[in-house]
1. Might you let me know whether segment 36-52 holds any residue that is among the small types (Gly, Ala, Ser) and loosely packed, with under 15 Cβ neighbours inside 10 Å?
2. Between a first residue in segment 27-42 that is touching a residue at least 12 places away in the same chain (Cβ under 8 Å) and of a type in the set (Gly, Ala, Ser) and a second residue that is near the ligand (Cβ under 7 Å from one of its atoms) and in a loop (DSSP other than H, G, I, E, B), which pairs have beta carbons less than 7 Å apart while being 6 or more apart in sequence or on different chains?
3. Take residues that are out of contact with any Asp or Glu (no Cβ under 7 Å at 6 or more places or on another chain) and under 16 Å from residue 131 (Cα atoms) and tell me which of the helices (runs of 4 or more DSSP H) falling wholly in segment 1-95 contain 3 or more.
4. Could you identify the single residue in 91, 64, 71 that is basic (Lys, Arg), at pLDDT 95 or above, closer than 24 Å to residue 171 by Cβ and surrounded by fewer than 17 Cβ atoms within 10 Å (Cβ to Cβ)?
5. Out of all the residues in segment 104-116, is one or more modelled with pLDDT of 95 or more and exposed (fewer than 15 other Cβ atoms within 10 Å of the Cβ)?
6. Residue 136 - would you say it is assigned to a loop (DSSP other than H, G, I, E, B) and under 25 Å from residue 170 (Cβ atoms)?
7. Could you grab the pairs with beta carbons closer than 6 Å, sequence gap of 6+ or different chains, first residue in segment 158-177 and more than 9 Å from the ligand (Cβ to nearest atom), second one basic (Lys, Arg)?
8. Which residue pairs have Cβ atoms under 7 Å apart, sit 6 or more places apart or on different chains, and have a first residue in segment 97-114 that is within 25 Å of residue 54 (Cβ to Cβ) and near the ligand (Cβ under 6 Å from one of its atoms) and a second that is assigned to a strand (DSSP E or B) and hydrophobic (A, V, I, L, M, F, W, C)?
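The values are calculated or read from the model by the stated rules, or taken from the named source; none is laboratory data. Just so we're clear, the structure is a prediction, and the values are computed from it rather than from any experiment. No Cβ is skipped: glycine too gets one built from the backbone with ideal geometry, and neighbour counts run over all protein chains shown.
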Amino acid sequence: MNYVRSLRTLYNVPIAKELCAQIYAHSEKCTNVLDMGCGTGDLTIPLAQQLTSSVVHGCDISVKAIEEANKASGQVGNLDFSKQNINELPKSWAGKFDVILMFDVLHDLQDPEIAMKQVMSVLKKNGTIIIVDPKVSRDPLNNVGNIQAAHALTLSTWWCVPSSSCNCGSGNGVGWENKEAFLLRIPGLEIKSRVCLINSDYNYAYICKKK
Ligand SMILES: C[S@@+](CC[C@H](N)C(=O)[O-])C[C@H]1O[C@@H](n2cnc3c(N)ncnc32)[C@H](O)[C@@H]1O
């Protein structure tokens, strides 16, 4: 976990910059922004520091991650965190968010269908949702020559696959190859574009709108 975090530290600020550019390009309003599955807030914090006119909320199912995120966020005034399960988001959040980010979360979910239904319910009409998930093949042979994908598939076998398999869950992990087909089936969700963040074919971002 710490190893992965230290690698990501190098990229969080440039990734946050690119995400902000996408948010400004696709959203008329970005007053309320949600980072769904924010973990320890490593990306949420630079995002809030750049989205100075927004209120950014990060949430995650892990109490420990939220405690760490709260500690790390220090003086950032336009940011807060709460513990939430994506499958049971608060009713008071209905239609609340202009922009929702799900960074490296989709493939970890036990029931992506229920989760996306909930996420869509807290997104405003015409709101923007950015779903970033690594482009990795389930077949290790297809990842030969792509060090990030090979590395991610290895990590996923002892991290993402087990966590997404709990409670008879999906067991998708990063090698979930047909996630675009899954996204296309979500009622009310429209994929507007697909972009590679920080010039890497690995961090694949789906920029979507709620119809
Ligand atoms: C790979 S981490 C990504 C964290 C963060 N978005 C980032 O990129 O730094 C996936 C996160 O999804 C969270 N998660 C998994 N299932 C969840 C659920 N049912 N509800 C909320 N968060 C969940 C995990 O706790 C974990 O922090």
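1. Looking through segment 36-52, none of the residues is among the small types (Gly, Ala, Ser) and loosely packed, with under 15 Cβ neighbours inside 10 Å.
2. From segment 27-42, the pairs are 37/105.
3. On the way: elements: 2-9, 12-26, 44-50, 63-73.
Hits in segment 1-95: 12-26.
4. Numbers: 91 fails: closer than 24 Å to residue 171 by Cβ; 71 fails: closer than 24 Å to residue 171 by Cβ.
The match here is 64.
5. Within segment 104-116, one or more residues are modelled with pLDDT of 95 or more and exposed (fewer than 15 other Cβ atoms within 10 Å of the Cβ).
6. Criteria met by residue 136.
7. Short answer, once both residue conditions are applied: 175/138; 177/138.
8. 103/132; 104/132; 105/36
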